Amino acid sequence: MLPDRFAQLGTATLALSVLIATASAALTAAANVLDRRRVYGLLRLSGTPTS
């Protein structure tokens, strides 16, 4: 009974860790886009090719 409980606890901890890591990666990606939005806009206005 006790090993089953430890297995459930380990699985729950792993699932929570994956969810937190996914949220963190998404937040970092969104922050990078927002930080570079002005730079990309100025580059586009100055005539820099988009490729």
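Assorted remarks:
- Scaled to the globular estimate 2.2 N^0.38 Å, the Cα spread of the chain, given as radius of gyration, is 2.16.
- Acute angle (nearest 10 degrees) that the helix 2-45 long axis makes with the longest principal axis of the chain, alpha-carbon atoms: 0
- Helix-only arithmetic for the chain: the sum of -39500 (n - 2.57) across DSSP H runs with n ≥ 4, divided by the residue total, places the mean residue ellipticity at 222 nm at -32000 deg cm²/dmol.
- Accessible surface of the chain, 1.4 Å probe, proportion on carbon and sulfur as whole %: 68
- Computed over protein heavy atoms with a 1.4 Å probe, the accessible surface of the chain works out to 95 Å² per residue.
The values are calculated or read from the model by the stated rules, or taken from the named source; none is laboratory data. A quick note: this is a predicted structure, and the numbers were derived from the prediction, not measured. Heavy atoms of the whole protein, side chains included, go into the accessibility calculation; ligands, DNA and RNA do not. Shrake-Rupley method; radii C 1.70, N 1.55, O 1.52, S 1.80 Å.
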